[in-house]
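A short reminder: the numbers here are calculations on the coordinates, not readings from a lab. A quick note: this is a predicted structure, and the numbers were derived from the prediction, not measured. Neighbour counts are summed over all protein chains in view; Cβ atoms, including those assigned to glycine, are modelled from backbone coordinates with ideal geometry.
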Amino acid sequence: MSVFNIHHITRYEYDRPVKESVNEIRIYPYACPGQEVLFHELNITDNPDIFSLTDYWGNKAGMFNLLSAHKELVIESKLIVRTPGQQESGHHSMAGFDTLNEEISNNLSLLELSRIEEAGLKEQINSLIMDLHHPGDSVAGFIGKCGEYIFKHFKYIKGITSIETTVAEILEHRSGVCQDFAHVMLEMLRTLQIPSRYVSGYICPNKNGMRGEGATHAWVEAWIPGSGWTGIDPTNNVWVTNNHIRLAVGRNFNDCSPIKGTFKGPARQSLSVYVSIGYEDGQTFEDITRVKLESQPGIQDDVEALETFAGQQQQ
């Protein structure tokens, strides 16, 4: 059993006062078995009232406004979460695609997550998975092959993609970060009508060392018949363990953006993001990112997207 102390600070600074900042946040831990929230505190500039709701995908979201003029917006999350003993990886139902089709045929929510998003890529994705999918494969076996393929054939390079980068572009240059790899894998799985969803959260450091540790991270959950939603991290070619802490799930990144909003004012903004993950023994891993934003005045993009745009933080 592990207890993680996660401290996440997002700081927007403006070169002149802005007003009427309207924001939406998804930085609450996702309610699910496998992670128990012991403490969670949010601190936001001027202590605005936060209207909480559960969105379509089951994520807890919050909305708040800062109406008065301000030159800084700070959103701080302090989270203590406990996970059970280390989860074993790779032990999943070996059910095949016929069983999968039976399970999802009358389940609208699963069918919705089994449709590809970039229809024009179907032929290209088909050629990509042609050597991975064979008659008689189990669903879990194919999912594992996809994660391994992305890990081996796509280069992990920060700073060359953004939230606007399409799957077609990622396939062309075969490189990116965790958000990009998750989107590619979603298209691969959905091409064979495997329900799958995007996951945002944190990956807590462990003795093996993984890409994206100590910062915000993204991976995929796929529906395995007999096992249900099962996480896999193509950035690291591992099935998700209890070192992965979930914040939100959805069809793609846009459903899981930790912070997004708008404001009024012709200001230039800059962003800094600090994340630390500590253990019960006092050991702490820290990561800080400073980004000069060139976004359109009046638009405060989501934090995770900006981090990815700059090749920072969401690793």
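For the pairs K60/K158; K19/K155; K152/K260; K155/K264; K60/K122; K122/K152, note any where the Cα-Cα span goes beyond 31 Å. Listed pairs above 31 Å: K19/K155; K152/K260; K155/K264; K60/K122.
For E164 and M1, the FRET efficiency from 1/(1 + (r/R0)^6), where r spans their Cβ atoms and R0 equals 35 Å, is about 0.30.
Secondary structure note: in the chain, about 100% of the DSSP beta bridges are antiparallel. Within the listed set L189, L111, L247, the Gaussian network model of the chain (springs between alpha-carbon atoms below 10 Å) gives the highest mean-square fluctuation for L111.
Counting every other Cβ atom within 10 Å of each residue's Cβ, D49, D180 order from fewest to most as D49, D180. Projecting label points 7 angstrom from Cα along Cα→Cβ for N43 and M130 puts them 5.8 nm apart.
At a temperature of 10 °C and a viscosity of 1.306 mPa s, determine how fast segment 97-255 diffuses translationally according to Stokes-Einstein, using the Kirkwood radius over alpha-carbon pairs as Rh; express D in µm²/s, rounded to the nearest whole number. Each step should come with its number before you reach the end.
Details: Rh = 15.7 Å.
Stokes-Einstein gives a translational diffusion coefficient of 101 µm²/s.
Extension gain for Q283 to S227 (0.36 nm times residue separation, less C-alpha to C-alpha distance): 16.7 nm.
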